[in-house]
Amino acid sequence: MSDWLERHVPKMVLAPSFAAILLFVYGFIAWTGWISFTKSRLLPKYEIIGTLQYERLFISPRWDTALNNLFIFGALFIIISMILGLILAIMLDQKIRTEGVLRTIYLYPMALSMIVTGTAWKWILNPGLGIESVVRGWGYESFSFDWLVNPEYAIYTVVIAGVWQASGFVMALFLAGLRSVDEEIIKAAQVDGIPTSRIYSAIIIPSMAPIFLSSFIVLAHLAIKSFDLVIALTGGGPGYATDLPATYMYTMAFSRGDIGQAASSAMVMMLVVFAIVVPYLYSELRAKND
Amino acid sequence: MTDFISNPDAKHKSGKATKIALRWFLLLLLLIFALYYLMPLFVMVTTSLKSLEEIRTGSLVALPREVTFDAWKTAWSGACTGIQCQGLQPYFWNSILIAVPAVFLSTLFGAMNGYIIAHWKFKGANLIFSMMLFGCFIPFQVVILPMARVLGMMGLAGSIQGLIFVHVIYGLGFTTLFFRNYYVSIPGELVKAAKVDGAGFFRIFWSIFLPLSLPIIVVTVIWQFTQIWNDFLFGVSFSQAGTQPITVALNNIVNSTTGVKEYNVDMAAAIIAALPTLFVYVVAGKYFIRGLTAGSVKG
Amino acid sequence: MSPILKVKNLVKNFGSTEVLKDINISIESGDFLVLVGPSGCGKSTLLNCIAGLEPISAGEVFIDGRNMTDVSPKDRDIAMVFQSYALYPTMSVAKNITFGMKVRGVDTETQKRKLAEVARQLQIEPELNRRPGQLSGGQRQRVAMGRALVRDPKLFLFDEPLSNLDAKLRVEMRTEIKRLHHDLGASMVYVTHDQIEAMTLATTIVVMKSGVIQQIGTPAEIYGRPQNLFVADFMGSPAMNLIKAKATKNGAGTKIEISRENSAPLILTDTQNTNLPENVILGLRPEDIAEASMRSGPQVQTATCLVDIVEPAGADTYVMSKLGGKEVTARLHAETGAQPGQLLEFAFDLGKVSYFEPETGQRLN
């Protein structure tokens with residue numbers, strides 16, 4: 001009996017967590033998926049009626065804006081954060097004496113809540129009192145920087161705040177990558193008389209391909225999940241100019257009481273994440289099992 | 001000979017000069033970036049110390065002419081979130097009440113799970129791990145609707161306990177991952193030796209693994225604390241008037257439309273909401289970064 | 001009296017791959033059994049199965065007559081020393097050694113007494129309060145041994161315990177293990193990939209390959225009469241010469257013909273082995289090929305061969321000559337005057353010869 005117990009203790013200890021994940025992740029995904037194929041509105045209905053919700057979703061101009069915004073925000077956020085992160089990492093890699101302090105400064109936004117970040121940038125970008133008024137105060141009276149309240153440009157303010165928050169983190173990832181390159185290879189290249197810039201472009205950066213991939217995954221994942229930042233910075237406005245799928249889903253679920261739309265938009269988000277993360281996880285797990 | 005050392009190569013003197021100039025340029029660039037990252041924090045702090053009058057008349061980037069902590073007082077105990085005007089104080093404690101048990105429980109489960117997946121493999125353990133790992137990446141929007149209903153059924157709707165429950169469940173993936181990755185680097189022979197010595201599952205964990213786990217416990221606790229403290233989506237979805245976490249309250253203060261817009265109070269409130277995680281970051285930055293990178297680069 | 005360890009028809013599968021196939025081993029109390037083979041042969045898995053650390057797929061394991069097949073490791077009355085030593089990193093040396101007793105609820109008095117005893121035996125008294133991380137490789141090795149000794153088990157299991165030590169320390173510790181075995185009269189099972197360790201320590205050697213036992217025997221049997229080509233090749237350094245040859249009946253004996261490049265075939269006559277097939281592989285240890293003047297005996301035959309390479313190795317000099325399409329090594333004394341390119345008369349001691357079937361690799365004589 002005690003032998004039996006001993007043999008099965010690991011399974012029994014893992015079981016609650018596994019059951020929780022099974023139910024609260026996979027079961028819930030299934031539930032949301034199911035609801036997305038019903039005509040649920042304020043209350044869930046369980047009779048499947050087909051793709052009505054998805055049809056409604058894709059003819060909704062608001063969802064169209066949200067997807068467009070996700071594309072603009074996602075692309076700019078990822079590209080700028082990566083470029084900035086890489087530049088900072090390479091500069092910091094030059095044996096800078098104050099590296100520790102600088103690194104701490106570049107990375108601290110990552111410790112903040114996106115609500116805090118949003119609040120701060122909302123203030124800085126405030127057309128009446130923020131940067132606009134600062135520059136005007138310097139004498140450039142015609143200077144205008146009203147992106148925050150301009151429906152066409154408001155989404156770029158989200159990019160500004162997002163990049164500010166996440167680029168330091170990308171820098172930390174790249175710096176770790178730069179430091180993990182085999183020193184002997186670099187020494188060999190130096191002995192061969194290859195200039196530093198070539199060492200970076202031809203040897204170090206190509207060897208960091210996995211880091212590029214994981215930063216991309218993390219940033220893409222952050223972009224899709226971005227909800228707090230938009231809520232705090234623009235509240236989705238002006239109008240719904242800065243809606244993202246995440247805020248659309250929330251609005252449908254809790255303000256509009258349209259569970260069907262909330263479920264179908266959540267499922268689309270899920271599929272986008274799925275398309276990005278699954279191949280990555282699959283290759284990671286496979287590489288580890290080899 | 002000494003001359004040779006102090007002045008390596010006279011021919012390259014000009015090269016050396018450009019090198020020094022380049023280094024200064026590099027340092028300057030790095031400092032400009034540092035200013036860019038610090039600017040919002042600076043603006044937040046200075047604004048929070050100004051009076052409303054000074055904000056309206058002065059410049060965003062100017063230092064306060066007259067330092068006043070009134071805004072901080074209001075933010076802590078008087079600012080209005082909707083109809084209530086108790087400041088952030090009650091919500092700060094809400095966040096503590098949510099974060100402390102949730103961090104403890106998710107770390108504990110993560111440690112046990114990681115220990116099992118790393119060293120007590122059974123058939124299907126790898127699949128379970130993959131499934132938990134994937135759970136880290138789902139957009140939480142996809143579980144919000146059913147979770148709201150389940151919390152209701154469990155009688156936890158709008159309660160602190162409900163939020164603790166949610167944070168423990170959706171923290172499991174990461175905490176398990178952290179401990180699993182840490183424990184796989186502990187040699188399996190240690191477990192075998194302890195088994196031969198007569199120790200069982202819990203004894204081996206308690207006597208051998210736990211004493212080795214301090215670094216990963218710190219990483220996990222910091223990660224979970226930051227995640228839970230900074231959470232907004234679960235907070236705004238599953239709380240009600242009295243149980244909101246600080247992020248939700250902050251957002252309500254900032255977006256409350258009643259009365260005059262008090263930017264200094266907003267900024268003070270934002271700093272108060274950010275202080276605990278900032279504090280953790282400054283005190284234990286090394287572990288903070290390790291958690292961030294462990295959460296993104298697996299293996 | 002029942003054997004101290006008996007493994008009966010043991011099979012171990014990892015998924016669909018069979019890593020141990022029908023293993024049968026039996027040793028008496030006081031025996032020193034060495035499992036030897038190349039990496040991946042299943043020797044460590046077998047040891048883990050004996051310890052109960054790996055479940056077995058079929059068969060039975062008896063320790064001192066008791067069926068231990070489904071008994072957990074802690075109840076098998078065994079102690080084990082691991083390759084990485086597996087010392088508990090957060091515990092002091094003393095705690096490492098007493099941990100097993102503490103878990104089993106042995107009283108503190110006994111713990112102290114036994115700890116002192118073992119510490120004296122292994123000369124690790126000054127290290128008792130230090131952590132494993134502060135010890136040298138040799139000291140860690142001793143602590144690992146101490147942890148096993150203090151348990152006073154029926155059976156000691158060693159999993160390549162010396163492979164992380166440098167060459168000099170390895171030889172020292174080998175001697176020490178041998179002395180311990182002698183002093184304690186304990187039964188031991190020892191896994192190694194080092195055939196010299198196997199030869200020096202064992203009373204019984206089990207040679208394994210791909211999960212199959214190739215041969216079980218005393219060191220002398222394994223060395224002198226390898227049962228197949230694998231054992232012949234694996235045990236001994238330099239390895240046994242395995243030369244393609246043609247055997248034909250020749251009166252009372254057998255004519256052995258070995259082809260040579262640019263020269264007439266080498267002909268030897270074996271008067272003992274008369275029932276050989278036409279194609280054989282002839283096995284001779286390097287020490288059984290000597291300079292003609294140095295070796296004599298009823299089965300010794302001489303022949304002149306061209307010296308190819310000369311490798312002085314201190315105590316001996318190895319001389320190579322091409323026979324049957326392969327470099328054949330002869331072990332000559334250090335003062336030999338052999339030079340490359342020289343013709344030298346060699347003595348082949350057919351009293352020690354092994355013959356193998358080329359296809360199956362099995363021993364013929």
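A short reminder: the numbers here are calculations on the coordinates, not readings from a lab. Bear in mind that the values here come from a model prediction, so they are computed numbers and not experimental data. Using ideal geometry, Cβ is built from the backbone for each residue, glycine included, and neighbour counts are taken over all protein chains shown.
So the values come out like this:
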read-out: Among A:ILE276, A:ILE29, A:ILE59: highest mean-square fluctuation, GNM of chain A, C-alpha pairs under 10 Å; value: A:ILE59
read-out: Average other protein chain Cβ within 10 Å of Cβ, residues A:241-251; value: 2
read-out: Per-residue average of Cβ from other chains inside 10 Å of A:221-227; value: 3
read-out: Antiparallel content of DSSP bridges confined to the protein assembly as shown, in %, to 5; value: 75
read-out: Computed [θ] at 222 nm, deg cm²/dmol, the protein assembly as shown (DSSP H ≥ 4; -39,500 (n - 2.57); rounded to nearest 500); value: -16500 deg cm²/dmol
read-out: Order of C:MET199, A:MET249, B:MET154 - criterion: other Cβ atoms within 10 Å of each residue's Cβ, fewest first; value: B:MET154, C:MET199, A:MET249
read-out: Exposed-loop-free span, longest in chain A, where chymotrypsin sites (Phe, Trp or Tyr not before Pro) count as exposed if DSSP calls them loop and at most 15 other C-beta atoms lie within 10 Å; value: A:154-290
read-out: Value of relative contact order over chain C, rounded to a whole percent, pairs C-alpha under 8 Å and six or more apart; value: 15
read-out: For chain C, the longest site-free run once GluC sites (Glu not before Pro) in DSSP loop states with at most 16 other Cβ atoms within 10 Å are removed; value: C:29-260
read-out: Trypsin sites (Lys or Arg not before Pro) within region B:36-134: DSSP coil, no more than 13 neighbouring Cβ in 10 Å; value: B:ARG65, B:LYS121, B:LYS123
read-out: Centroid-to-centroid separation of region A:34-96 and region C:123-157 [C-alpha atoms, Å]; value: 59
read-out: Stretch gain in nm, segment A:PHE254-A:PHE71, where the contour uses 0.36 nm per residue and the Cα spacing is subtracted; value: 63.4 nm
read-out: 5 Å-binned pair-distance histogram of region C:224-365 (Cα, whole percent); value: 2, 11, 20, 24, 22, 14, 6, 2, 0
read-out: Per-residue Cβ neighbour rank within 10 angstrom, fewest leading, A:VAL272, B:VAL260; value: B:VAL260, A:VAL272
read-out: Difference of contour (0.36 nm per residue) and Cα-Cα distance, C:ASN262 to C:VAL212; value: 13.9 nm
read-out: Where trypsin sites (Lys or Arg not before Pro) fall in DSSP loop in region A:48-136, at most 10 other Cβ within 10 Å; value: A:LYS95, A:ARG97
read-out: Cα centroid of region B:237-288 to Cα centroid of region C:258-281, whole Å; value: 93
read-out: Fewest-first ranking of B:SER213, C:SER237, C:SER16, A:SER133, using other Cβ atoms within 10 Å as the exposure measure; value: C:SER16, C:SER237, A:SER133, B:SER213
read-out: Dipole magnitude of region C:52-199 about its Cα centre (Cβ charges: Lys, Arg +1; Asp, Glu -1), debye to nearest 20; value: 580
read-out: Kyte-Doolittle mean at least 1.0, axial Cα span of 24 Å or more - DSSP H helices of chain C; value: none
read-out: Cys with no candidate disulfide partner in the protein assembly as shown (beta-carbon separation under 4.7 Å rule); value: B:CYS136, C:CYS41, C:CYS49, C:CYS305
read-out: Within straight-line cross-link reach of C:LYS326, lysines at Cα separation under 23 Å, skipping those fewer than 8 residues along the same chain; value: C:LYS244, C:LYS246, C:LYS255, C:LYS352
read-out: Whole-angstrom gap from region A:113-154 to region B:96-168, using each part's C-alpha centre; value: 40
read-out: Across B:LYS192/C:LYS112; C:LYS74/C:LYS114; B:LYS121/B:LYS192; B:LYS192/C:LYS12; C:LYS95/C:LYS178; C:LYS74/C:LYS154, pairs whose alpha-carbon gap is larger than 21 Å; value: B:LYS192/C:LYS112; C:LYS95/C:LYS178
read-out: GNM top mover of B:ALA241, B:ALA71, B:ALA193 - chain B, alpha-carbon springs below 10 Å; value: B:ALA193
read-out: Cβ neighbours within 10 Å from other chains - mean over B:230-236; value: 5
read-out: Anisotropy class of region A:55-289 from Cα gyration tensor, a/c 1.5 cut; value: oblate
read-out: Most fluctuating residue given options C:LEU332, C:LEU35, C:LEU149, as computed from a GNM of chain C linking Cα atoms under 10 Å; value: C:LEU332
read-out: Dipole of region B:89-296, positive direction: furthest Cα of B:ALA157, B:ILE222, B:GLY124, with charges on the beta-carbon; value: B:GLY124
read-out: With at most 14 other Cβ atoms within 10 Å, longest stretch of chain A clear of loop GluC sites (Glu not before Pro) (DSSP); value: A:153-290
read-out: Length released on extending from C:ARG120 to C:ASN13, taking residue separation times 0.36 nm less the Cα-Cα span; value: 34.3 nm
